[in-house]
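*Asks:* Pasting a structure below so you can have a look.
The values are calculated or read from the model by the stated rules, or taken from the named source; none is laboratory data. Note that the structure is predicted; figures quoted are calculated from it, not measured. Cβ placement follows ideal geometry from the backbone for every residue including glycine, while neighbour counts extend to all protein chains displayed.
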Amino acid sequence: MLFRTLVLKLAALKPFERTTKSRLFRPLVKRFVAGEDLETALKVGEEYAKNGYLVSMDLLGENVATREEAEQETLSYIAMAEQIAKSPHRDKINISVKLTALGMDLGDDLATDNYRRILDACKPHGIFVRADMEASPYTERTVRIIERLFPQYNNCGTVLQAYLHRTATDVQRMIGMRARVRIVKGAYLEPDTVAYQQKQKVDEMYVKDAKALLLEGNYPAIATHDSKIIAELKEFIKQERIPNERYEWQMIFGVRRDLQETLLNEGYNVRIYIPYGAAWYPYFSRRLAERPANLLFVLKSLFKK
């Protein structure tokens, strides 16, 4: 957890951001970001789908500052839905969206209305649209938006982050609604007043939340690249005789491709999260914080003569 904190603080420095955005790092960025436009990224997603994976498309971008920007992001997601609906693999592709990209910083009503417009565009085609979870100040607001919309839109759901103290309660709220949840460890820099700081404790809470969702949740997404946790949950699934069609594993584009393939070959549902777009830096920073080897590559380049 200390490593992640240091990396996220480093990534917030402008010199580091400028260097990372240089041409030198394009190969590394391409490992985690499937392109800057929908056409390119959707081809990547369709290739995964053709090979048996499920896919979640995500247009990168967050914290828009104006209603005009929120409108543009909303229209971009509606256009994405229209393209997915034309795909021969549309039954395997869903959408992830950040509510701050839809204007949440300008008010929950605006974000809710824009999210509803996307859900309306997706519902006739059976496209599920998950509201990604962001930093802790947005957690309760996001959960309430899901509670507000889910009775009308069963194609919406959200993400819960195991490192937050509150998450076990939120898991039960979503189970009670029958809303779909993706459980993750958590990737934002949070104070100890709201989030666990020790990796061992975060892992413990992740497993606890995942087991609750596997037992009682509505088609939960178990999102992790941690092979030890995956092994423990696979044993739990076996013991509880939970059918594979009741849940899915989720993994990020460009991370642990070997593990993705192994799970797929073992007969599990595996969904790959496909991010794309020009506003990739915040997302990329969080991926750097997860893997020391990626940061080492960046630092070596910073100090080259």
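Matching residues to (1) under 19 Å from the mean Cα position of the chain (by Cα); (2) closer than 27 Å to H125 by Cβ; (3) in the same structural domain as D105 (by TED's automatic domain parsing); (4) modelled with pLDDT under 95:
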position: R141; (1), (2), (3), (4): yes, no, yes, no
position: D170; (1), (2), (3), (4): yes, no, yes, no
position: K199; (1), (2), (3), (4): no, no, yes, yes
position: L213; (1), (2), (3), (4): yes, yes, yes, no
position: Y219; (1), (2), (3), (4): yes, yes, yes, no
position: H225; (1), (2), (3), (4): yes, no, yes, yes
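*Asks:* Applying the selection to the stretch 92-108, what residues are part of a helix (DSSP H, G or I) and of a type in the set (S, T, Y)?
*Replies:* T100, the sole residue that qualifies.
*Asks:* Touching a Leu at 6+ places or on another chain (Cβ under 9 Å), part of a loop (DSSP other than H, G, I, E, B) and either touching a residue at least 24 places away in the same chain (Cβ under 8 Å) or over 19 Å from R180 (Cα atoms) (or both): does that describe A111?
*Replies:* So A111 does not fit the description; no.
*Asks:* Still on this structure, I have one more. Which pairs do you get when a residue that is in the same structural domain as A210 (by TED's automatic domain parsing), found in the stretch 246-258, comes within reach of a residue that is of a type in the set (G, A, S) and at pLDDT 90 or above, reach meaning Cβ atoms under 6 angstrom, with the pair 6+ apart or on two chains?
*Replies:* Final answer for the pair search is E248/A221; Q250/A221; Q250/A223.
*Asks:* If a residue must be out of contact with any Ser or Thr (no Cβ under 8 Å at 6 or more places or on another chain) and surrounded by 15 or more Cβ atoms within 10 Å (Cβ to Cβ), how many such residues does the stretch 84-102 contain?
*Replies:* Narrowing the stretch 84-102 to residues out of contact with any Ser or Thr (no Cβ under 8 Å at 6 or more places or on another chain): 84-92, 97-98, 100-101.
If we keep only those that are surrounded by 15 or more Cβ atoms within 10 Å (Cβ to Cβ) too, we end up with 84-85, 87, 89-90, 92, 97-98, 100-101.
Adding up the residues that qualify gives 10.
*Asks:* Which condition from (1) over 15 Å from the mean Cα position of the chain (by Cα); (2) crowded, with 23+ Cβ neighbours inside 10 Å is the one that Q161 breaks?
*Replies:* (1)
Conditions tested, residue by residue: (1) outside any loop (DSSP other than H, G, I, E, B); (2) touching a helix residue (DSSP H, G or I) at 6+ places or on another chain (Cβ under 6 Å); (3) within 19 Å of N154 (Cα to Cα).
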{"position": "V171", "(1), (2), (3)": "yes, yes, yes"}
{"position": "I175", "(1), (2), (3)": "yes, yes, yes"}
{"position": "L189", "(1), (2), (3)": "no, yes, no"}
{"position": "Q197", "(1), (2), (3)": "no, no, no"}
{"position": "D209", "(1), (2), (3)": "yes, yes, no"}
{"position": "N218", "(1), (2), (3)": "no, no, yes"}
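*Asks:* Determine if the stretch 45-64 includes at least one residue that is small (G, A, S), modelled with pLDDT under 95 and assigned by TED's automatic domain parsing to the domain that holds E147.
*Replies:* First, the residues of the stretch 45-64 that are small (G, A, S): 45, 49, 52, 56, 61.
Keeping just the survivors that are modelled with pLDDT under 95 gives 61.
Restricting the remaining residues to those that are assigned by TED's automatic domain parsing to the domain that holds E147 gives 61.
So far as the stretch 45-64 goes, yes, one or more of its residues are small (G, A, S), modelled with pLDDT under 95 and assigned by TED's automatic domain parsing to the domain that holds E147.
*Asks:* How many of the residues in the stretch 225-252 are assigned to a helix (DSSP H, G or I) and not hydrophobic (A, V, I, L, M, F, W, C)? I'd like the intermediate steps shown before the answer.
*Replies:* In the first step, residues of the stretch 225-252 are kept if they are assigned to a helix (DSSP H, G or I); the result is 227-240, 244-246.
Then keep just the ones that are not hydrophobic (A, V, I, L, M, F, W, C); that gives 227-228, 232, 234-235, 238-240, 244-246.
The total comes to 11.
*Asks:* Can you name every residue in the stretch 60-91 that is outside any helix (DSSP H, G or I) and more than 15 Å from E134 (Cβ to Cβ)?
*Replies:* Within the stretch 60-91, the first condition is being outside any helix (DSSP H, G or I), and the residues that meet it are 60-66, 87-89.
Passing the criteria: A65, T66, S87, P88, H89.
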